[in-house]
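Engineer: Take this structure first; my questions come after.
The values are calculated or read from the model by the stated rules, or taken from the named source; none is laboratory data. What you are looking at is a predicted structure, and each value in this text was computed from that prediction instead of being measured. Virtual Cβ from ideal backbone geometry, glycine too; neighbours counted across all protein chains shown. The area values use the complete protein model at the heavy-atom level, side chains included, leaving out ligands, DNA and RNA. Shrake-Rupley method; radii C 1.70, N 1.55, O 1.52, S 1.80 Å.
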Amino acid sequence: MKFSEYRDRVYGCWLGKCICGSIGAPLEGCKQLFEYKFDPEFWKISLPNDDLELQVLWLNVIEKLGLDLDADDFAEAFVAAVPYNPGEYAYFKRNFRRGIHPPTSGTYNNYYYHQGMGCCIRAEIWACLCAGDPQLAARVCQLDGQIDHSAESIYSEMFIAALEAAAFVEQDLDKLLDIAVGVIPADSKLARLVADTRRWCRMFDDIRTIRDEILRHYGHPDCTNMFENIGITIMSLLGSNLNLEKATMFALNSGFDTDCTCGIAGAIVGIIKGAKQLQHEFGVKDTGYTANFELNRPSDRIEQLADDIARLSSEVERQWKRKLVLEDVPPEVANFRLPIRVRTCTFTVKYDGEPVIFPGGVAYCELTIRNHTDKPLSGPLVMTAPETLSIDCPKQLTIGAHGKKTVNVIVRHQTPQAIADKQLIHVQFADCGYTFGFAAAVPWKVYGPYWENFYTIPQMELNSGSYGRFIQQGKFPNMSSAIRNYHLNLRAGLDVVGLNEEALAKSYCGRENTVIYATNDLIPVDSAFGYQGPAVFYLAMEFTTPVDLPVTFSVGHTGPFVLWIDGVEKVRSEDETWLTPENINLDRVNLPAGKHRAVFKVVRQGRTVDLCLIVRAPSRRGERGDAHATQLTFLNE
């Protein structure tokens, strides 16, 4: 392929990504059908979008470090630069700040967002660098995907990156879908989605019918969940016959994560057609791009961004052995060189189970050190940590040239009465440093369970007849139902009071309790007692903040609950609902430095009750307040 054609397709990719993504941005999160008609004025919309700006951040990382990259490079850049924290981004950033590295940073505690669209929206830079080599694109994109997502979402980035990389040399969409699905596991849910969506597109002519099938079989309450949105993207491409206007409108009018679906569809059409054809056929113009944070690029023109990426093509061909060889490459591209990274050694950690340590508990992990030099490395292995931790590990190591060594590390927490949210350990070996860590298991004191019978039967003479005469029909449709519920069930609700709630909200009361430990944001309420059935539970947790801290609390729940903070009722809900981490977000409160107390009253109506609490506070200047706090210390007194 001639460089001029390659560059035209790169430019087409970013024109489609930027402009179509901006068209979808105003409706991002709207989970409904629309009936927008295309208007040429839509091409002029230019809005900041994480789908684009994160990839520009990745470009900065590549230009600074070169092509010898690992997932930590992207994680560090993300945490340092990105101010916002929606969904999986917040979980990843909190994990990484606690010393939990990729891939665990993308999976631990990230139970709701780990299959979000935040992964595959970052595929274009890898597709452009790995043009014509879908296997290479699918391999390298995993470096960034794993920082904040898990398997299926990483597959989605592999799928999109491979499809777009192949689109540089193949323009038949069905063949492209075959190529892309070939880089992900055949038994994955994503592979099934792709096959089903293609089948529905053959069966039905109506986009809304196809959308209904996608949601019926792959839908999710989260507007950013990848399955419904990848299905909508494929549907939009197949249904439009690669017409940019139609593909964008199909994706826009289908709702959900519209900036992502419109942007990916636009990028794919842009690669296949190239910038010149987009501009000629559809009147697309370079609107430039904007960002939510400083990216320090030489220009905000999309064409300049395309040129900056295309400039790396010869280096990728040399260092990554990309299969596509470009011809007639300009000297300024052929002679361009990225930095060559010189690393003595690198580190990775594998945890024994979750990356969590309990107050006064013991945690285990394996530390692997790789020697990247031509000579053996020998010297002391030094680990330093807060006084609350003691560490057992080898004191001396020798690693052969280009070899690796794995050592067992035992970490003991020494102060069971309190534990900080992050437990960081610094490693030093052969002039190389590395920090890893553990999250804290949070202690909750649980009181209960409390419940009531549907009716209270008076103590009657044993020979005076059936007690059924004392049971009232009440809310039940008939007396049979009332009697059988009295026999087979119990009643719980926020009106059931098991103890002095005002006293408990302010301080620990003298009632018997049990302690449970939350190893993530989900509080394991059901594990507190063996009792089965409807019940009311009270949960109390105390923590300290080192400084005055403006925070917001997010509550996820499935049943009715009340939350008190420092003795003040902050929220009460009677709802039974689907669990999300943010069923309720409280208004910001200012917590003074010192000790604080959170108390829940929660009602279990069904077989289980789900409950989670997230404390949000920025960790650096310029970061938004929706970040997950890492500044807390939890008390276990």
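Engineer: Is segment 568-637 best put as rounded, prolate or oblate by its Cα gyration tensor, with a ≥ b ≥ c the root eigenvalues, rounded for a/c under 1.5, and otherwise prolate when a/b is larger than b/c, oblate when not? Intermediate values should be presented prior to the final figure.
Structural biologist: Numbers: a/c = 2.12, a/b = 1.59, b/c = 1.34.
Prolate shape, in that a/c is at least 1.5 and a/b is the bigger ratio.
Engineer: First obtain the Kirkwood hydrodynamic radius of segment 491-637 from its Cα pairs, then insert it into the Stokes-Einstein equation at 25 °C and 0.890 mPa s, and state the resulting D in µm² per second as a whole number.
Structural biologist: 154 µm²/s
Engineer: I want to verify the translational diffusion coefficient of segment 260-394 in µm²/s; compute it with Stokes-Einstein, Rh as the Kirkwood radius over Cα pairs, at 4 °C and 1.567 mPa s.
Structural biologist: Translational D for this selection: 61 µm²/s.
Engineer: Using only Cα atoms, find the angle between the long axis of helix 88-97 and the longest principal axis of the chain, and express it within 0 to 90 degrees, rounded to the nearest 10.
Structural biologist: So the inclination is approximately 90 degrees.
Engineer: Calculate the spin-label point distance for Gln472 paired with Ala291, positioning each point 7 Å from the Cα along the beta-carbon direction, and give it in nanometres.
Structural biologist: Here the modelled spin labels are 6.7 nm apart.
Engineer: Kindly rank 367-376, 432-441, 389-398 from highest to lowest mean number of other beta carbons found within 10 Å of each residue. All intermediate terms of the calculation are to be shown ahead of the outcome.
Structural biologist: Details: 367-376: 15.9, 432-441: 20.3, 389-398: 13.4.
Ranked by mean Cβ neighbours within 10 Å, highest first: 432-441, 367-376, 389-398.
Engineer: Report the normalised scattering of segment 77-133 as log10 I(q)/I(0) at q = 0.14, 0.16, 0.17, 0.30 Å⁻¹, calculated by the Debye formula with identical scatterers on the alpha carbons.
Structural biologist: Debye curve over Cα of segment 77-133, log10 I(q)/I(0) at q = 0.14, 0.16, 0.17, 0.30 Å⁻¹: -0.44, -0.56, -0.62, -1.22.
Engineer: Moving to a separate point now. Could you order peptides 624-630, 316-322, 589-595 by the average number of other Cβ atoms within 10 Å of their residues, highest first?
Structural biologist: Peptide ranking by packing, descending: 624-630, 316-322, 589-595.
Engineer: Further question on the same structure: Roughly how large, in nm² to one decimal, is the mean projection of the convex hull of the alpha-carbon atoms in segment 314-400?
Structural biologist: On the way: hull surface 39.6 nm².
Computing the convex hull of the Cα atoms and averaging its projections yields 9.9 nm².
Engineer: Please report the equivalent ellipsoid semi-axes of segment 360-505, computed as sqrt(5 x eigenvalue) of the Cα gyration tensor, largest first, in whole Å. Please report the intermediate quantities before stating the final value.
Structural biologist: Numbers: eigenvalues 867, 62, 29 Å².
Largest first, segment 360-505 gives 66, 18, 12 Å.
Engineer: Based on the Cβ-Cβ distance from Ile457 to Ala593, what FRET efficiency comes out when R0 is 56 Å, to the nearest 0.05?
Structural biologist: 0.55
Engineer: Quick one: what do you get for segment 1-122 if you divide its Cα Rg by 2.2 N^0.38 Å?
Structural biologist: Ratio of Cα Rg to 2.2 N^0.38 Å: 1.26.
Engineer: Now for a separate question. Counting only heavy atoms of the protein chains, get the accessible area per residue of segment 391-495 (1.4 Å probe) and round it to a whole Å² value.
Structural biologist: That works out to 54 Å² for each residue.
Engineer: In degrees from 0 to 90, rounded to the nearest 10, what is the angle of the helix 479-488 Cα long axis to the longest principal axis of the chain?
Structural biologist: Orientation of helix 479-488: about 80 degrees from the principal axis.
Engineer: Just want to confirm a number: the relative contact order over the chain, from Cα pairs under 8 angstrom separated by 6+ residues, in percent.
Structural biologist: This gives 15 percent for the chain.
Engineer: Let me ask another. If you line up the long axis of helix 244-254 against the longest principal axis of the chain, both from Cα atoms, how many degrees apart are they, to the nearest 10?
Structural biologist: 0 degrees
Engineer: Tell me which chymotrypsin sites (Phe, Trp or Tyr not before Pro) from segment 65-140 have a DSSP coil assignment and no more than 12 other beta carbons within 10 Å of their own.
Structural biologist: none
Engineer: Extent of segment 77-205 along each principal axis, from alpha carbon coordinates, in Å, largest to smallest?
Structural biologist: Per principal axis, max minus min of the Cα coordinates gives 47, 30, 24 Å.
Engineer: For segment 225-330, just the Cα set please: Rg and Dmax, both in angstrom.
Structural biologist: Here Rg and the maximum Cα pair distance are 16.2, 43 Å.
Engineer: Quick one: work out Rg over Rh on the C-alpha atoms of the chain, Rh as Kirkwood radius.
Structural biologist: With Rh from the inverse mean 1/r over Cα pairs, Rg/Rh is 1.04.
Engineer: Which whole-number percent is the relative contact order of segment 204-287 (Cα, under 8 Å, 6+ apart)?
Structural biologist: Over segment 204-287, the number comes to 24 percent.
Engineer: Further question: Can you give me the % of accessible surface on segment 270-329 that is carbon or sulfur? Probe 1.4 Å, all protein chains present, nothing else counted.
Structural biologist: Using a 1.4 Å probe with all protein chains present, segment 270-329 comes out at 43 percent carbon and sulfur.
Engineer: I would also like to ask the following. Under 15 Å from a label point 7 Å along Cα→Cβ of Thr608: give me every residue in segment 491-525 with its amide N that close.
Structural biologist: Flagged as within label range: 519-525.
Engineer: Okay, next question. Set the bar at 31 Å for Cα to Cα. Now go through Lys17/Lys321; Lys37/Lys93; Lys17/Lys37; Lys350/Lys506; Lys37/Lys273 and name every pair that lies beyond it. Could you put the intermediate results ahead of the total?
Structural biologist: On the way: Lys17/Lys321 26 Å; Lys37/Lys93 39 Å; Lys17/Lys37 20 Å; Lys350/Lys506 41 Å; Lys37/Lys273 23 Å.
Those over the limit are Lys37/Lys93; Lys350/Lys506.
Engineer: Taking a temperature of 10 °C and a viscosity of 1.306 mPa s, what whole-number D in µm²/s does Stokes-Einstein yield for segment 38-90 with Rh from Kirkwood over alpha carbon pairs?
Structural biologist: Taking Rh from Cα pairs, D becomes 122 µm²/s.
Engineer: May I pose another question? Given the C-alpha atoms of segment 275-347, compute the convex hull and give its volume per residue in Å³.
Structural biologist: Once divided by residue count, the hull of segment 275-347 is 184 Å³.
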